[in-house]
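Notes follow once the structure below has been shown.
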Amino acid sequence: MKEITALVSRNRKLFFKDKGMLFSSMITPVILIVLYATFLANVYKDSFVSATKDMIDLPDKIIDGTVAAQLAAALLAVSCVTVTFCVNLTMVQDRASGARKDFDVSPVSKTKIYIGYFLSTVLNSLMVNGTALALCLLYILKMGWYMSASDVIFVILDMILLVLFGSTLSSIVSYPLKTQGQLSAVGTIVSAGYGFVCGAYMPISNFSSGLQKALSYLPGTYGTSLVKNHMLNGVYKEMADTGLPSEAVTVIRNTLDCNPVFRGHVVGVPQMYLIMAGSIVVFGAAYLLIIMIRER
């Protein structure tokens, strides 16, 4: 355990020492929330208003709160996964610089070395995404706050699960990479595509039925839905209090992917937690298995 702790400390120090990597990781949430608020907010608002205008005229504050919560959930769902690929650069840097050769001749097992990479990725990603969460909550507070204390706690739990999911996934993908250029290329692909695949940029309910069925098999879909459920929970309660029928609220929940469907059955929040936890365990076990087979 001492060796792992020392390795995690060493990897985290390298992350903080690289000012460029640290600055880019910390500034990314700020850039994203500005871009989302500038370009996506109006799209979300127009889509939401057009979908509900025939049901009821909602106050502007509720509409703004709904859009802000949806936007914040999308940003956090994407950031928690994509940031791990940027933070996991230490593993590849050690190969590129030759530092891994020193580790290979040390008495520390290679399994512990890779666990050290994984845990440092988790801790650094939590720090970056904690900043993103704080910015998202401030944005929601400005636009229209309807979240309860329990909602915030569940969002934090969702963030932790998504970071663990992203860390296991990025560790598997980063393992065979040997140059920073390779990791940068992978990170670019993930950053560009993950938001669409997980339903963050556009609700999956807007996709074709075939694509909806395909995406229902991906764990990230349910991670995004968890964040949306807890970010928007207070908004849905406020809608019901203003007189919006429960059937209409259900339609809105379906439209915003808060009631994802798998093989014709609605997946509830407890099931979504089980899916995310199971995915983390499976990917984590796969990562350890790859290490034990390749590093013997």
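The values are calculated or read from the model by the stated rules, or taken from the named source; none is laboratory data. Because the structure is a prediction, the values reported are computed rather than measured. Methodologically, a virtual Cβ is constructed for each residue, glycine included, from the backbone with ideal geometry; neighbour enumeration extends over all protein chains shown. Each accessible area value is taken on the protein alone, full model and side chains, heavy atoms only, with ligands, DNA and RNA left out. Shrake-Rupley method; radii C 1.70, N 1.55, O 1.52, S 1.80 Å.
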Test for residue 75: is it among the aliphatic types (A, V, I, L, M), surrounded by fewer than 23 Cβ atoms within 10 Å (Cβ to Cβ) and more than 21 Å from residue 16 (Cα to Cα): no
Residue that is of a type outside the set (S, T, N, Q), in a helix (DSSP H, G or I) and without any contact (Cβ under 8 Å) to a residue 60 or more places away in the chain, where the choices are 187, 220, 234, 181: 181
Subset tally (residues that are at pLDDT 70 or above and either closer than 21 Å to residue 132 by Cβ or not in a helix (DSSP H, G or I) (or both)) for region 44-56: 1
Test result for residue 114, touching an Asp or Glu at 6+ places or on another chain (Cβ under 8 Å) and outside any helix (DSSP H, G or I): no
Residue match in region 121-142 (condition: touching a Cys at 6+ places or on another chain (Cβ under 6 Å) and polar (S, T, N, Q)): yes
Any hit, region 285-294, residues being among the hydroxyl-bearing types (Ser, Thr, Tyr), out of contact with any strand residue (DSSP E or B) (no Cβ under 9 Å at 6 or more places or on another chain), touching a residue at least 12 places away in the same chain (Cβ under 8 Å) and within 30 Å of residue 145 (Cα to Cα): no
Among residues of region 159-178, those that are free of Cβ contacts under 8 Å to residues at least 24 places away in the same chain and buried (at least 21 other Cβ atoms within 10 Å of the Cβ), counted: 0
Qualifying residues in region 190-215 (those that are open to solvent by 10 Å² or more (accessible area, probe 1.4 Å) and not in a helix (DSSP H, G or I)) - the one nearest to residue 271 (Cα to Cα): 203
Looking only at region 96-111, and only at residues there that are of a type outside the set (S, T, N, Q) and in a helix (DSSP H, G or I), the one that is most open to solvent (accessible area, probe 1.4 Å): 101
Criterion violated by residue 85 - all others in (1) farther than 28 Å from residue 285 by Cβ; (2) buried (at least 18 other Cβ atoms within 10 Å of the Cβ); (3) at pLDDT 70 or above satisfied: (1)
Scope region 179-189; condition buried (at least 16 other Cβ atoms within 10 Å of the Cβ) and of a type in the set (A, V, I, L, M, F, W, C); matching residues: 183, 186
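Would you please name the residue that is farthest from residue 84 (Cα to Cα), looking only at residues in region 133-144 that are surrounded by fewer than 16 Cβ atoms within 10 Å (Cβ to Cβ) and either of a type outside the set (Lys, Arg) or modelled with pLDDT of 95 or more (or both)? Quick ask: steps written out before the conclusion?
From region 133-144, those surrounded by fewer than 16 Cβ atoms within 10 Å (Cβ to Cβ) are 134, 138, 141-142; that's our starting set.
Retained after the next criterion (residues that are either of a type outside the set (Lys, Arg) or modelled with pLDDT of 95 or more (or both)): 134, 138, 141.
On the way: 134: 18, 138: 23, 141: 27 Å.
So the residue we want is 141.
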Failed condition for residue 257, given (1) of a type outside the set (Lys, Arg); (2) open to solvent by less than 50 Å² (accessible area, probe 1.4 Å); (3) assigned to a helix (DSSP H, G or I): (3)
Which listed residue, of 161, 157, is aliphatic (A, V, I, L, M), closer than 24 Å to residue 261 by Cα and out of contact with any helix residue (DSSP H, G or I) (no Cβ under 7 Å at 6 or more places or on another chain): 157
Odd one out for residue 288, checked against (1) surrounded by 13 or more Cβ atoms within 10 Å (Cβ to Cβ); (2) in a loop (DSSP other than H, G, I, E, B); (3) not aromatic (Phe, Trp, Tyr): (2)
From the options 74, 41, residue that is modelled with pLDDT of 75 or more and assigned to a helix (DSSP H, G or I): 74
Residues that are among the β-branched types (Val, Ile, Thr), over 20 Å from residue 281 (Cβ atoms) and open to solvent by 10 Å² or more (accessible area, probe 1.4 Å), drawn from region 216-247: 242
